[in-house]
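The values are calculated or read from the model by the stated rules, or taken from the named source; none is laboratory data. None of these values were measured; they are calculated from a predicted model. Cβ atoms come from the backbone with ideal geometry, glycine included; neighbour counts cover every protein chain shown. Accessible surface areas use protein heavy atoms only, side chains included; no ligands, DNA or RNA. Shrake-Rupley method; radii C 1.70, N 1.55, O 1.52, S 1.80 Å.
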Amino acid sequence: MPLPTVEIETAPNPGHSVIWLHGLGADGNDFAPIVPELVSPSWPALRFVFPHAPVRPVTVNGGMPMRAWYDIVGVDLISRQDETGMRASIASVDALIARENERGVPTDRILLAGFSQGGAIALSAGLRHAEKLAGIIALSTYLPLQEAFATERSPANGQTPVFWGHGTADPIVPLTRGVNSRDLLQSLGYSVSWHTYPMPHSVCAEEVADLRQWMTVRLGA
């Protein structure tokens with residue numbers, strides 16, 4: 001069963017899709033309000049798909065159940081990573097991509113986006129996916145499962161462009177964690193469009209404007 005989703009179509013019969021993963025404790029409604037701010041009139045018809053992560057206990061939050069793409073054990077984000085949860089979420093993203101394919105949107109017209117924990121899964125799933133995506137959007141995030149990444153990454157997405165936005169005052173996913181992940185990707189030949197903003201763990205208007213410009217190129221608009 002694919003994950004439940006919130007969906008917004010910018011015009012009838014969309015030929016492109018954006019699958020957008022929320023952060024820890026949020027849900028698919030969290031980024032739906034960004035659509036009118038982000039979308040350019042020049043773009044083709046788009047379907048935004050905002051899935052709800054499963055509810056699970058989160059160790060770092062005292063075991064409280066909340067929507068999460070994987071468990072987080074330590075505040076450093078990389079000790080004792082929940083590989084089982086991460087791989088289950090990667091499989092869920094693959095299923096969402098397959099559903100867009102069934103609805104007539106080819107993989108190379110799908111953008112995969114995510115914020116924080118959702119961004120970690122967007123990067124992990126997108127760069128492992130067997131078919132080429134239009135691009136990956138990573139906001140205030142990092143690349144998990146790094147030890148396995150070099151052997152598991154997909155040649156099909158070796159040239160897939162990545163937009164990365166990060167706040168310089170982020171207390172949740174420190175800037176250094178993002179920089180280290182960016183450096184790893186660039187060392188493996190990935191094209192990362194890197195942007196920093198004077199903000200905490202959030203999204204700002206300048207970032208939305210930069211993302212609109214980047215997406216315009218990806219959408220051929």
Residue in the stretch 121-138 that is assigned to a helix (DSSP H, G or I), open to solvent by 70 Å² or more (accessible area, probe 1.4 Å) and at pLDDT 95 or above present | no
For Arg177, work out the one condition from (1) in contact with a His (Cβ under 8 Å, 6 or more places away or on another chain); (2) touching a residue at least 60 places away in the same chain (Cβ under 8 Å) it doesn't fulfil.
-> (1)
Can you give me the number of residues within the stretch 163-210 that are of a type in the set (D, E, K, R) and either assigned to a strand (DSSP E or B) or farther than 20 Å from Val35 by Cβ (or both)?
-> 4
3 or more residues open to solvent by less than 40 Å² (accessible area, probe 1.4 Å): qualifying strands (runs of 3 or more DSSP E) within the stretch 10-62 = 16-21, 46-51
Every pair of residues 6+ apart whose Cβ atoms lie under 6 Å, when the first sits in the stretch 8-28 and is farther than 14 Å from Pro44 by Cα while the second is among the basic types (Lys, Arg) = Asp27/Arg67
Scanning the stretch 186-200 for residues that are within 15 Å of the chain's Cα centre (by Cα) and open to solvent by less than 50 Å² (accessible area, probe 1.4 Å), which turns out nearest to Leu145 (Cα to Cα)?
-> Val192
Might you let me know whether the stretch 65-80 holds any residue that is in contact (Cβ under 8 Å) with a residue 24 or more places away in the chain, closer than 25 Å to Ser181 by Cβ, not in a loop (DSSP other than H, G, I, E, B) and not basic (Lys, Arg)?
-> yes
Determine whether Arg99 is in a loop (DSSP other than H, G, I, E, B), among the charged types (D, E, K, R) and open to solvent by 20 Å² or more (accessible area, probe 1.4 Å).
-> no
